[in-house]
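A short worksheet on the structure shown next.
Here, each number is a calculation from the coordinates, and none is a lab measurement. In this text the structure is predicted, and so the values were computed from the model without any measurement. Here the Cβ positions follow ideal geometry from the backbone for every residue, glycine too, while neighbour counts run over all protein chains shown.
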Amino acid sequence: MSADPDFATLQSACRQLDIELSQAQYDSLVRYTQLLRDWNQRINLVSRRDTGRILSYHVVDSLAAQRLIPQGARVCDIGSGAGLPGIPLAIVRSDLKMLLVEASQKRSGFLGTAVAELELANVEVMSRRAESLPPLECDVTLSRLSGPLRDAVRYAGPHRKPTGTVVLYKTRACPAELSKASRQLARSRLRVAGSHDVFLPLSGIPRRFIVLGSSR
């Protein structure tokens, strides 16, 4: 297992994402990483081959979207799974109200434990399928690594405010996905409002964020 980045290393990485990481926030991210690794031995939260890079890749990737989230926003993380990206974002952005939507009882059990142990007062876990919930009226709806783009649009779209956005964590190979999702975008009255490319600090992995807004 590779070593986790120390405080100075992660702080430097976060500065590249316009985040000024504090020691307390770093400590919370490390504790979250430890909890995730512990639970991952019992339930599938992240790939076993990824346990050595939870902090250096998954957490940093989660944080890379923070530039796209306005101050004081109400945010939902659809299909939150292990709490990525919602928990890392909530740790570094205490101004956010973060809703973690996860249908799996086992995974939502982990989320509840993590939120309690990390004392994240700005986070709520919703153990329901996204499509079974009434509209959550969020400023930003997030979907990371959660399957085909058209499915992410179907599940995430209904939970944004009319003036809100959907932010999808995708790769540079997503134009084909966007093409396949054109009908779903039209049904959801959404359009591509922008895309943002970034090479993730520490891992160098390329990430493309697709931002969807109202087509009306």
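The helix-only estimate of mean residue ellipticity at 222 nm for the chain, built from DSSP H runs of length n ≥ 4 each weighted as -39500 (n - 2.57), is -9000 deg cm²/dmol after division by the residue total. For region 115-216, rounded, prolate or oblate, judged on the Cα gyration tensor with a ≥ b ≥ c (square roots of eigenvalues), a/c < 1.5 rounded, else prolate if a/b > b/c? Verdict is oblate for region 115-216. Neighbours of R154 by Cβ distance under 11 Å: Lys/Arg scored +1, Asp/Glu scored -1, total +1.
Distance from the Cα centroid of region 74-89 to that of region 26-49 is 14 Å (rounded to whole angstrom). Mind checking which of V167, G112, Q41 is farthest towards the positive end of region 7-214's charge dipole, using Cβ charges of +1 (Lys, Arg) and -1 (Asp, Glu) about the Cα centre? Of V167, G112, Q41, it is V167.
Computed from the Kirkwood radius of its Cα pairs, the Stokes-Einstein diffusion coefficient for the chain at 20 °C and 1.002 mPa s stands at 124 µm²/s. Using a cut-off of under 18 Å, list every residue of region 6-50 whose amide N is near the label point 7 Å from the Cα of Q105 along the Cα-to-beta-carbon line. The answer is 42-45, whose backbone nitrogens lie closer than 18 Å to the label point. For K97, the lysines whose Cα comes closer than 24 Å to its Cα, not counting residues fewer than 8 places off in the same chain, are K106, K161, K170.
Residues considered: R67, R107, R49. Largest GNM mean-square fluctuation over the chain, using C-alpha springs under 10 Å, is found at R49.
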